[in-house]
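Below: one structure, written as structure tokens.
The values are calculated or read from the model by the stated rules, or taken from the named source; none is laboratory data. If you're wondering where the values come from, they're calculated on a predicted model, not measured in any experiment. Positions of Cβ are generated from backbone atoms using ideal geometry, with glycine treated the same way; all protein chains shown enter the neighbour counts.
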Amino acid sequence: MRFFRFFAAAIYLVLACLPLAKGGEGMWLPMLLKELNEGEMQAMGMKMSAEDIYSVNQGSLKDAIVSFGGTCTGEVISSQGLVLTNHHCGFGQIQNHSTVEQNFLQDGFWAMKKSDELANPGLFVTFLVRMEDVTEMALTGVTDDMVPRDRQSAIDKNLNQIRQSTVREPYQEVSIRPFYRGNQYYLFVTQTYRDVRLVGAPPSSIGKFGEDTDNWVWPRHTGDFSLFRIYAGKDGLPAEYSENNVPLQSEHHLPISLDGVSEGDFTLVFGYPGRTDEYLSASAMSQRVEVLNPIRIKIRDKSLAILGEAMRKDPLARLQYASKQRRIANSWKKWIGEDLGVKTVGAINKRKEMEAEFKKRLAANPEWQGKYGKLLPKLDALYKELEPLAVSRDYISEISSRNIELLQLVNTLRGFQSAYKRSGIEAIERRKDRLVAYLEDFYKDYRPEPDKQIFAELMAIYYHEVNPAHVSTFVVDQFTFTGKDFDAFANAVYEKSMLTKGDLVLSAVNDNLEKFMTGLEGDFAYQIGADMMAVAERDVFQPASKIEEEIQWLEQQYMQALLVVFPERRFYPDANSTLRVTYGKVEGYQPNDTLKYGYQTYLDGVAAKYIPGDYEFDVPARLLELEKKKDFGPYGQDGKMPVCFIGSNHTSGGNSGSPAIDAYGNLIGLNFDRAWEGTMSDINYDPSICRNIMVDIRYVLFVVDKFAGAGHLVEEMTLVHPKKK
């Protein structure tokens, strides 16, 4: 316990005394900005104080920031609970309200009065009320000689006691998250609102302009935004949906700057980044980018080609698969960019150089050598042992859990089947509403034909490329019975299975649930998917998990070692879906010797990319008309309409929808992407090429006001001119 107490205190002391780090890198805890970051931020041009950003005693920027749906970020931009987030963050809700006859994805949606706003069951937003360092209490009774399981058991007991003793309101929640690989713990008190209504969204031709081709790419011309409103009970507290609810009046809403951005302007991005792994060993980084990413990319190449063809041929297929296709494509292209970025800057070699310096310092200090000397060799050995299992796991997971929808359905039904075998039909009856809701949602957008094509392509990979020791012999036998023809195999599975026929499945579940459950194991597709996963769980997933438990324990110790051995360096905690601040500047970049990119794009670039009828680059005639007439209202600049800009803020998944805030605390943009080469920032931030991409807030206002004619929404907002002070 003595070491952990010392460690928790040392983080503050060491970091506070360090030289200022380069702007841009880091995802910082807002409650620590005063001690660690305020001076640097102000030296970069920030005019605010740390208290203006995070305060528990008065309204501050953090009171305008929400976790949107648990996966994105949003910000309150009016005194009436209006929330701005990305189009792709609200995409599922927009899609759910769309039909072929009333297609909000295609045509956009704008509520001209509050009664027109659309409810979204299941959607929620969460505010942070306060955070606290509870490391000392969390590590009470924990000693250096504890084995990992005993250590975690002791910590879990402590965390449970902390949660129970935390002072909070009845409508607030408490969570505790580990930081620095479990060497530090913070408590979060939050407040969640579950009546969140759709207010406005541009057509996808604006909100997703450039779609696949421009995804993760700069220059960008995408109006990636949507608008929602938070409703509360008449007392201002969280309440379930009711027509009697009223718009939320939050502690703070972000004023909006109409002055635009210039090269070198200070930028602050405030949001909920999902997950980063900035302190991977060189062997772990190498495995990720040189071994595993290529497997994932190859598999998604196949499925995306089939989905793209289906979507181009059929408008209904395009509507049904829009969200699924984007989800698959987003990670696919991100992994390609991550690999490219790591190679461009030589990140693996740089990590090896750091590890060589680490070993050198250990050798010069006998105490450090004794405590930390075996960490890297052990990690390298464990990653080598993990690799064949990780390869099979990624093949099987991509095939069975992420790209073939029929097998995804089987995996879900296996959970219900397991409960049925364990606890009988009563357990399933209690879950029937959930099962029916899942099946209705699944079949609403399910098309067997393209899924069957994907099945044929990916099962060929399963048969030929997965380690034979990790392949289901039942699946191989069934494939052999069809003459080793993957198309014939796919036809047999999809024709014989009831699970490809949604109306029959739903009818069976509603008519006689127990008969459905008892007959499920006889379904051909269920047999295929269930045996694939059973073999994988036994021979791949479980042994891989055991190795990863050892890796996690060593990485926790390695994180300790880095902080001790490199006292002159500033280490920020990895992202873990908690509220973070990242700061940088508006600036272009040069990815190689032949390309140099500026920091801003304009609407004339949209016109230049315009391709009539193309699903990526078609745009509404009205947008082109406004551009041709230069009818930009108060939102244009020097006869041009700004669309997007880039900065050096360190962002990740989960930062989608995060506000880009200027030096004074005003909203200047909406974060939605990263430049392709900079997607490696999840494992290696490099200031030369890591850039985040933001919609210029003036383009958002232009689309709302001039394009959509929803100026009443702009009238809710607080518009300012900070540069004219």
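Values as computed for the structure displayed
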| read-out | value |
| --- | --- |
| Criterion: aliphatic (A, V, I, L, M) and over 28 Å from L128 (Cα atoms) - qualifying residue of V217, V246, V189 | V217 |
| Residues within region 37-66 that are under 22 Å from E25 (Cβ atoms) and of a type in the set (V, I, T), tallied | 2 |
| Among the residues listed as L362, L389, L409, L413, the single one being touching a Gly at 6+ places or on another chain (Cβ under 7 Å), buried (at least 20 other Cβ atoms within 10 Å of the Cβ) and either modelled with pLDDT of 95 or more or at positive phi (or both) | L362 |
| Residue match in region 322-330 (condition: in contact (Cβ under 8 Å) with a residue 12 or more places away in the chain, in contact with a helix residue (DSSP H, G or I) (Cβ under 8 Å, 6 or more places away or on another chain) and either within 30 Å of Y383 (Cα to Cα) or among the acidic types (D, E) (or both)) | yes |
| Residue within region 436-458 that is touching a residue at least 12 places away in the same chain (Cβ under 8 Å) and either more than 28 Å from D314 (Cβ to Cβ) or in contact with a Cys (Cβ under 7 Å, 6 or more places away or on another chain) (or both) present | no |
| Test result for A282, surrounded by fewer than 24 Cβ atoms within 10 Å (Cβ to Cβ), at pLDDT 95 or above, over 30 Å from K384 (Cβ atoms) and of a type outside the set (V, I, T) | no |
| G236, sole failed condition from (1) free of Cβ contacts under 8 Å to residues at least 60 places away in the same chain; (2) at negative phi | (2) |
| Looking only at region 89-117, and only at residues there that are closer than 25 Å to T190 by Cβ and hydrophobic (A, V, I, L, M, F, W, C), the one that is farthest from the chain's Cα centre (by Cα) | F91 |
| Residue in region 617-630 that is crowded, with 24+ Cβ neighbours inside 10 Å and within 17 Å of the chain's Cα centre (by Cα) present | no |
| Options S577, S507: the member that is surrounded by fewer than 20 Cβ atoms within 10 Å (Cβ to Cβ) and at positive phi | S577 |
| Breaking point among (1) over 29 Å from the mean Cα position of the chain (by Cα); (2) closer than 23 Å to P30 by Cα; (3) buried (at least 17 other Cβ atoms within 10 Å of the Cβ); (4) β-branched (V, I, T), for V125 | (1) |
| Enumeration of residues in region 237-287 that are in a loop (DSSP other than H, G, I, E, B), closer than 25 Å to P687 by Cβ, of a type in the set (S, T, Y) and in contact with a helix residue (DSSP H, G or I) (Cβ under 9 Å, 6 or more places away or on another chain) | S262, T276, Y279, S281 |
| Residues located in region 392-403, provided they are of a type outside the set (S, T, Y), crowded, with 22+ Cβ neighbours inside 10 Å and closer than 16 Å to S331 by Cα | E398, I399, N403 |
| Boolean, I256 is closer than 19 Å to L713 by Cβ and in contact with a Phe, Trp or Tyr (Cβ under 6 Å, 6 or more places away or on another chain) | no |
| Pairs where the first residue, in region 463-483, is in contact (Cβ under 8 Å) with a residue 40 or more places away in the chain and in a loop (DSSP other than H, G, I, E, B) and the second is surrounded by 11 or more Cβ atoms within 10 Å (Cβ to Cβ) and of a type in the set (S, T, N, Q), C-beta under 7 Å, 6+ apart | V466/S392; N467/S392 |
| Residue identified as surrounded by 22 or more Cβ atoms within 10 Å (Cβ to Cβ) and modelled with pLDDT under 95 among G59, G24, G74, G69 | G24 |
| Residue that is farthest from G341 (Cα to Cα) [pool: residues in region 201-231 that are among the basic types (K, R) and in contact with a strand residue (DSSP E or B) (Cβ under 9 Å, 6 or more places away or on another chain)] | R229 |
| Check on Y602, at pLDDT 95 or above and either surrounded by fewer than 22 Cβ atoms within 10 Å (Cβ to Cβ) or within 19 Å of L701 (Cβ to Cβ) (or both) | yes |
| Region 685-706, residues that are under 21 Å from F270 (Cα atoms), touching a helix residue (DSSP H, G or I) at 6+ places or on another chain (Cβ under 6 Å) and part of a helix (DSSP H, G or I) | R698, L701 |
| Among (1) more than 30 Å from N183 (Cα to Cα); (2) modelled with pLDDT of 95 or more; (3) surrounded by 17 or more Cβ atoms within 10 Å (Cβ to Cβ) - the single one S98 does not satisfy | (2) |
| Lone qualifier among G669, G709, G653, G678 - being under 15 Å from G271 (Cα atoms) and not in a strand (DSSP E or B) | G653 |
| Hits in region 631-650 - residues which are over 30 Å from R580 (Cα atoms) and either in a strand (DSSP E or B) or within 26 Å of the chain's Cα centre (by Cα) (or both) | Q637, K640 |
| Number of the condition not met by Q152 [criteria: (1) of a type in the set (S, T, N, Q); (2) under 24 Å from R275 (Cβ atoms); (3) in a loop (DSSP other than H, G, I, E, B)] | (3) |
| Top-ranked residue of region 416-470 - restricted to ones that are under 28 Å from the mean Cα position of the chain (by Cα) and of a type in the set (K, R), ranked as surrounded by the most Cβ atoms within 10 Å (Cβ to Cβ) | R447 |
| Long-range neighbours under 7 Å by Cβ, at least six apart or interchain, first residue in contact (Cβ under 8 Å) with a residue 24 or more places away in the chain within region 350-372, second among the polar types (S, T, N, Q) and assigned to a helix (DSSP H, G or I) | L362/Q369 |
| Region 114-142 residues that are in contact (Cβ under 8 Å) with a residue 60 or more places away in the chain and outside any loop (DSSP other than H, G, I, E, B), paired with ones that are of a type in the set (G, A, S) and buried (at least 16 other Cβ atoms within 10 Å of the Cβ) (beta carbon under 6 Å, 6 or more apart) | T126/S67; T135/A8 |
| Pairs where the first residue, in region 534-561, is in contact (Cβ under 8 Å) with a residue 60 or more places away in the chain and closer than 15 Å to V466 by Cβ and the second is among the polar types (S, T, N, Q) and in a helix (DSSP H, G or I), C-beta under 9 Å, 6+ apart | V535/T473; A536/S392; A536/S397; A536/S400; D539/S392; V540/S392; F541/S397; A544/S392 |
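Every residue, every condition in (1) surrounded by fewer than 23 Cβ atoms within 10 Å (Cβ to Cβ); (2) within 25 Å of Q80 (Cβ to Cβ); (3) over 22 Å from the mean Cα position of the chain (by Cα), yes or no:
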residue	(1), (2), (3)
S175	yes, no, no
R181	yes, no, no
R194	yes, yes, no
L198	no, yes, no
H221	no, no, no
Y231	no, yes, yes
